[in-house]
Structures are given as structure tokens and as C-alpha cells.
1. Can you confirm whether the range A:269-276 contains a residue that is in contact with a strand residue (DSSP E or B) (Cβ under 6 Å, 6 or more places away or on another chain) and in contact (Cβ under 8 Å) with a residue 60 or more places away in the chain?
2. I'm trying to understand the selection: among the residues of the range A:328-369, which are over 12 Å from the mean Cα position of the chain (by Cα), among the hydrophobic types (A, V, I, L, M, F, W, C) and within 30 Å of A:Pro292 (Cα to Cα)?
3. Being aliphatic (A, V, I, L, M) and in contact (Cβ under 8 Å) with a residue 24 or more places away in the chain narrows it down to one of A:Ala339, A:Ala355, A:Ala312, A:Ala318, so name that one.
4. Which of the residues that make up the range A:159-173 are within 12 Å of A:Glu129 (Cβ to Cβ) and out of contact with any Asp or Glu (no Cβ under 8 Å at 6 or more places or on another chain)?
5. Quick check, is A:Leu132 out of contact with any Gly (no Cβ under 8 Å at 6 or more places or on another chain) and part of a helix (DSSP H, G or I)?
6. Which residues, taken from the range A:373-394, are surrounded by 14 or more Cβ atoms within 10 Å (Cβ to Cβ) and among the charged types (D, E, K, R)?
7. What do you reckon, is A:Pro156 exposed (fewer than 14 other Cβ atoms within 10 Å of the Cβ) and either over 20 Å from A:Ile195 (Cβ atoms) or in contact (Cβ under 8 Å) with a residue 40 or more places away in the chain (or both)?
8. Report yes if some residue within the range A:416-423 is within 14 Å of chain B (Cβ to nearest Cβ), of a type in the set (D, E, K, R) and either over 29 Å from A:Gln253 (Cβ atoms) or touching a residue at least 24 places away in the same chain (Cβ under 8 Å) (or both); otherwise report no.
Amino acid sequence: MRRLFPLLAVLGALGCAKKGPSPELLAVARAADTTPADALALGQALQAAHLDAASLGPLRSAGGAPGPAQAAAVEALLAAQEGLDEQLLVPAFLAGHPDAQPTSPGRQERALLLRGLEAQRQGALEQAESNLRRIPATSPLAPRARYALGIVLSDPRRPGGPRMRAALDELQAVLGYGGGGRERAETRALAQLGIARLLYGLGQDAASAAAYDRVPRDARVWPESLFERGYPRFRAGDDGGALGTVHATRAPQLRNAFLPEARILEATVLFHACLYPETRNVLDGFSASYRPLSERLQGLVDRRPSAAEEVALLADPAQRASLGEGLGGSLVAESRIDAGLRLLRALEEERAQLAVAGGGGPALEQLERVRAEAEQATAQAIHARLADVSASLRDLLEQADVLRFEMTKGEKELLDADLDQRKLLAARPLPPLPTGGPADERWRVDGEWWSDEIGHERATLKDGCPAQKSTPSVR
Amino acid sequence: MSVLGALVLLTALGAAPDAADPLAGSPNLQFRVVEPKPFADALRHELVLSPFVPQVGSTFTTHWLTSLTYTFHATEWLGLRIQPFWVWHAQRSRFSSELLSRVRQDAAAASSVMLHWGAVAAPEWAPLRGKFAAFGGTVRYGLVLFAGAGVGQTEIELKTADAVGPATYGSTGLRMVATGGAGFRVQLGDRFTVRLEVQDLIHWGSVSHINGCDATDLRVLNDQHTAGTVTGAGVSAQCTVGAFQGTAGGYDRANDLGIAQAKVSEGGTDTLHVVGIYLGFGVEL
């Protein structure tokens, strides 16, 4: 009998499935939403039927209208936001309805966080700071809030100017929050990256390089931190360390990371050592990869495709891959875009369920409105990022041209001084490679990319400049 | 597919080279990975149990033993190991047995001495390290070399097992044991290790005493046996007379006196190697 039980359970489930949608689903598919109370009832019923995405529409209607249903609607709306990790529509709703408050203290903190993040995104930094500071340090949302507060405090646009020390304190505090699963680990990694960037901004290169090293390898932002940590090393005169860490971003394991700036930093380090042929090779490779991409993006941004087209650009794997150079993957990994695409998928699934339950009805109409808004908001997020990337690529291509020009000047100076750089370089030995400490392993770099070695690469390079410089080490 | 083939397939090394790397092959720069050891060994303790160690390449003896190795890793490269071992199966080899049964030719006594138990200590050096990819992760291994010395209790077979009774052995005393070996140590995470080593336990000397009795003692005891009873009167204090008294599986131990006397009188010395394959499983603390 015990052996038969799983079979009976499966057959029972199949039987229920064959019967069609549940009674709850059938009821909500035809429910009215003419008053806030009706809308609240519809939203709550949709949530009870596990249709969180579909519930956003009626709950926003109910939550936007002052009255007895408002607080309960906002409470339920925040519950749906939490379940979906929705980051576009609910924060915008909360920002547009500052008086709408949920009932429970936990959801009130969530509302503060979402309002703070939305204010930060819109550049209302004072409002953002005020909201984020009201979240108690003991709240489960405190790490996310304090991270955002750290970023707000360090923002150069902040009224009264940035407060770097206070920002560092907030980011350091985030590292002190343990546990919390994937989301909190991501926040800690972001805080660590923020600390490294702030320290670099403060000119503390050694501390910044060390902070970059502490960004966890499994974090989404690790590839970014990998190339960025080349900057403090380079500024500290550690050309070998900078080149090693930037070169590691060529690893095929990082093919989904979009890091065009890494190539410019690589070329800059090589140019600094007057290694002109190597600089030219890197710049030529950069231009060959990124100039066509820049032109494609420029065309795309200028054309202003429809919301559906822009969403399809990332939602469709084939179109996403066509962007090339890891751009598609990196855009999809961005939290707002990722959240928008997830919401659209959830809405599609729930629409299919509602359609099976009874076609038409206010629930489906509300869902269609939410879907249109979600598509618009996601497309806006995608478009904004594409415009940023396009502008950044144009800037980097200009930097590449400047480097080429400076390189030509350097080569001309060598010719004027009647110096044969090839002979000069042949006469100079390679400085010794770093050996590390007794607890370090040393591996040859011979074209294989081992995942565990990425980020531990160091380089030694000859100085091709007529007057040699010394290259101190950061670590 | 053979196991080796599967292993080679699994160890598909790292990721493919990046063909577009414009810095590859430049004579003006070079790259090296300097990576902190993921699992440091320095100042840690390692216990390795090798439950079954077969002897290989022996002519006259066969040893099967169990060994427990404690290693203190003083640095990442150097350690000190102390290794007690227990030989739970030691007998003359098949070759030696056939020699005895077919042509009545026994191996020289000095060449037939077997280890019973012992302990050795040796410094350990790990000069080389490597790694391979397997099962979605990276497995690190190191070559270890060691050489040292210790002591071992030895014995000699006096009678083979036959219809008359079981095999009997006589102690040939505590001897110095030298050891040397090499092998690979694989680290599985922070805590666990697997070792595959070849180790030689070397002991040498002649057979001058059996059960503490020298040639004179054995002659006296043998005479007593011929006269009727082994009383032990007139032998040295070190001579364990009891080892030649009583019965073992119905076999009268006094009958060993003749062969014991013959082996002690044989003279000659030999250097004996117990080369074993040690597959050990360890934990690092």
C-alpha cells in the first residue's frame, strides 16, 4: 500500500488538473473591481490564488485611493512585491503616493526602502537619505538600506557635497551583517566594491586594491571588480600588478562580462611602459570588437525602438547574443532589467492561467494594463542602459584614438632621438616575476585559463621608454 | 572507456586558450599566477590511515600491513612524520614455499627475517605541486619525498603450515629500520587528503638469536629435548624458553629447536626491503 501511495497521489493530481482551474481562480476571474474595496478584494483573491503579478493592478488601484481599503491594499501590494522581488512598478507607485502606508511595521520598513531607492534613482538624494535613515539598523532590510545610503552619501550631486567618511562607515556596516542568503551576499559584495571605489576616490591606492581583492569571487560584480582593481595598482606604479589583473579579464570564463574599459586600461599600462607594438595590438583588437558594437548601439538608441522590441532584444536569447561582447548577458544581470523581465514572464504565465479560468473579466483587463506598464518600464530601463553603454563606448573609442595619437608622438620622439626601440628592448632583461610568499602557489601562464587562477595573475614587463622607471609593487 | 580514459577526459585542462590575446607571445612581458594556497598546510596536523598495504617485489617473504602516519606540517613544504605500522600477515613467499617443498631448499636465515611491527620517523619534503580539473572542481596534489629511520620487531618462520600443525615463528629481536619513499598527496578540500606512496622499510643483519636464545642456548635446549624434556636449565636469562614449550595447534613447539639451532648457526647477513604500496586516507586538523 505504501508503494502505491505516490502513484495514487500523482493520479489524483492529474485528475484535479484535468478538471480545470480551481474555484478560487474561477471566482476571481469574474470579480468586479469598480470600488477600492472591490479592487482590494480582487487583489487579495488573486494573491490567494498565487497570482501575485496579476494582483499588482487591482492592489495599486485600491492602494492609490484614500479610504479604509488603502492600508490593507498597500500591505498586500508590498507582500506581492516581496514575493516577486518587483523593482519597477511598486517603487514607482510608492513614490507617487507618499501618503499610502501599509499596516505592519515590517512592510512600513519595506515601503521606506523602496521609496528611498526610487528617490535615489530619480536623483532626489535628500529624500532618499531621509527615507533610508529611518530604517532601523536591526531591520532585515537594513543591509540593503545602508548600502544605498552609503552610495547616496558618496554621490557628488548630494546637496551639501559628498560625505565620504560617513559613506565608508555605512558600507563597512553592511559587511557586518552575516547570513541572509543570496540577496544579502550580493549586497555585501556590492558594499565591498563600493568601499574599494571610495578608497580609490580618496587616493588610498593600497587600501583600495586590497578592498577590491576582497570582493567575493562568486559575486555578480566580481568581473567588474577584477578589472577595476587595475586602477589603484596602476596609479601606485605597480604596472605588473595592473596588467596582470586586467589581462585576466580576457579569460573565456568571463565571456559574459561586458568590460570594454579593461582593454583601455590594458593599453594605457602598456603605453606607460612605452611598449608601443603591444599597445597598438590591444587598441586594434579593442576597436575591431567595440567600434561595430558602438555603431550598432548608436543606431539602436537613436531609432528608439518600441517597448516590445527593446524587451525582445534581451528576452530573446538569440537577439541577446547578437549584441555580442557579453553586453546582453551583462544587461540581463542588472537588477532592474532582470526584475522587469521576470515580472513580464510571471505576467505571461498568470495571464494563461486566467484565460483558462474564464477569459475576459476585470482581472485579465488589469493584468493587461500592468503588463503594458511593466513592458514600458522594462524597456525604459533597457533603453537607459543602452544609451549609457553607447555613450561610454564612444568615450572609450575616443580614448583609444587619443592613446594612438600619444603613441605616435612617442614613436616620433624615439626616431628624433635616433633610438632603435627594438634594440633597446632586446638589451633590457625582463624584470623578475613576483614569487609570492611561502603559502603561495606559482603557476605558469601558458594559454590555459583556470578558473581559480583568474584574479591572481601578475605580469612583469620591460620598460621601453628611453629613461627607465621603477615599478614598485602594491603588495 | 577505461578508467584512465575517463580520468583523462575529466581532466580536460582548464578552459580553451584565448586565440585573440594580442599579448600572447610578446617578448617584452610575461605573466605568472601567484595564488594563495586554498588549503594551507603549515602548522597543521595530518593523520593518514593506510588500512591495507601489500608488499611488492619480494623474493622470500610476503608482508601485508596496516600503517598510521601522523605528519606535522612545519611549513608548506616541510613536515615531520611518525609512522607506526603493524604487519598482520607475514609469511614466506610462494616462491620460497615452492623452493622448500619441491627441492628441499630453504632460503638463507638472514634473508627470511620478517617484520612484525615497528615505527619510523622521517622528515617529509613536498617539492612539487600540481592540480587537475575533475568533477567540475580543481584537485590539488603534491609530490612528497621522505627518508628516515626507526625500529621494528622482527621474526623468522621456523615451520611452515602443514598437516602436522600451523606455521610457527621465532622472534629475531628488535632491529633498526631505515625507510624512504615517495608518493602523491591529494587534497580534497580543507580537511581531507588521499595519499598514494611507495615506501621501503629496510632492515638488515644476521640471525644470531631466536626468541632471545643464542646458538649455545639452543644447543642446550635441543639436547634437553632429545633427552626427553625441555627444562630450560643452563640457558642464558634472555632466552625465552617458554617459546619452545607447550603445543601450538597440536604441534609440539620443542620440535622447532632443531631448525632454530640450524638457522642461528647458519651465519651470514642480508639487507631486506619491504617495499609496500601505501594507499592512505587522511584528515588534516
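1. Checked against the condition, which is being in contact with a strand residue (DSSP E or B) (Cβ under 6 Å, 6 or more places away or on another chain) and in contact (Cβ under 8 Å) with a residue 60 or more places away in the chain, the range A:269-276 yields at least one hit.
2. Hit for the range A:328-369 is A:Leu341, nothing else.
3. A:Ala339
4. If the condition is that a residue be within 12 Å of A:Glu129 (Cβ to Cβ) and out of contact with any Asp or Glu (no Cβ under 8 Å at 6 or more places or on another chain), then A:Gly160, A:Arg163, A:Ala166, A:Ala167, A:Glu170 are the ones that fit.
5. Numbers: out of contact with any Gly (no Cβ under 8 Å at 6 or more places or on another chain): no; part of a helix (DSSP H, G or I): yes.
In short, no.
6. Passing the criteria: A:Glu373, A:Glu375, A:Arg385, A:Arg394.
7. Judged against the criteria, A:Pro156 is not a match.
8. Yes: the range A:416-423 contains one or more residues that are within 14 Å of chain B (Cβ to nearest Cβ), of a type in the set (D, E, K, R) and either over 29 Å from A:Gln253 (Cβ atoms) or touching a residue at least 24 places away in the same chain (Cβ under 8 Å) (or both).
The values are calculated or read from the model by the stated rules, or taken from the named source; none is laboratory data. Quick caveat: nothing in here was measured; it's all calculated off a predicted structure. Positions of Cβ are generated from backbone atoms using ideal geometry, with glycine treated the same way; all protein chains shown enter the neighbour counts.
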